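Only one structure is covered here, and it is reproduced in the block below.
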Amino acid sequence: MTALDPHQNQNTRHPSAFDESDAHLLRLCLDLQLDALLLALGAASAQELRDQGTPASGADRGADDVVPWRRWVEEDVDLAAGLAADAMAGRATLPPTLGTDLGHEVPAAVIDNLVARYESMHNLLGDLLRRDLTVDDDHRHPRVLVALRRCRARLDELHRYRLATTPPRGVRLDAAVPVDGPTSTRDREYLPGELLG
């Protein structure tokens with residue numbers, strides 16, 4: 001058996017696999033990338049607000065002068081997904097907001113968590129719109145109306161995919177959040193702002 005024999009060692013690592021120290025560095029990079037993504041998202045929002053207030057601002061500047069915040073956000077999402085996948089391959093623990101091991105193995109658990117968040121957001125947006133009943137719908141917070149419609153559409157999709165990803169009978173998901181049943185306070189995961197009253 002020569003050193004070039006491909007069958008010499010069946011236990012060699014896959015070239016794309018990372019050991020724990022590599023995965024730790026990737027996890028640090030992922031944290032930085034997520035911070036960069038949020039910074040770019042905030043800058044894109046601020047730029048959109050500025051452009052809204054000054055319609056001619058985009059025309060006054062050349063294409064090279066406009067910072068491509070939105071493109072950077074889209075590219076950062078792709079980069080963050082790749083870093084997260086590599087970190088997971090090296091068995092690094094991801095930030096809690098990127099899901100749990102159960103969720104990564106059972107998509108229905110992630111879908112349940114997404115449903116809870118979109119339902120909560122839908123209710124909050126509805127409350128916001130109901131505060132001013134005197135204004136015509138067409139002139140009332142157009143972005144909030146768009147967000148409300150998108151929440152409804154996303155909830156419809158999530159409910160369809162939830163049915164498709166429901167585990168077969170006999171599979172126990174003790175750590176998963178049930179769709180309709182009560183949860184104990186020990187296992188309860190609270191949404192942002194839920195405990196504020």
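The values are calculated or read from the model by the stated rules, or taken from the named source; none is laboratory data. What you see is a predicted model, and the numbers here were worked out from it, not measured in a lab. Note that we place each Cβ from the backbone using ideal geometry, even for glycine, and neighbour counts take in every protein chain shown. For accessibility, only protein heavy atoms count, side chains too; no ligands or nucleic acids. Shrake-Rupley method; radii C 1.70, N 1.55, O 1.52, S 1.80 Å.
Structural remarks
- Residue list for the stretch 101-123, restricted to those being more than 14 Å from the chain's Cα centre (by Cα), at pLDDT 95 or above and among the aliphatic types (A, V, I, L, M): M121
- Matching residues, the stretch 65-86, being modelled with pLDDT of 90 or more and among the aliphatic types (A, V, I, L, M): V67, V73, V77, L79, A80, A81, L83, A84, A85
- Applying the criterion of being at pLDDT 55 or above and either more than 26 Å from the chain's Cα centre (by Cα) or part of a loop (DSSP other than H, G, I, E, B) (or both) to the residues of the stretch 1-20, the residue that is farthest from W69 (Cα to Cα) is D19.
- Qualifying residue in the stretch 32-48 (condition: modelled with pLDDT of 70 or more, open to solvent by less than 100 Å² (accessible area, probe 1.4 Å) and part of a loop (DSSP other than H, G, I, E, B)): no
- The number of residues in the stretch 89-100 being modelled with pLDDT of 90 or more and surrounded by 14 or more Cβ atoms within 10 Å (Cβ to Cβ) comes to 2.
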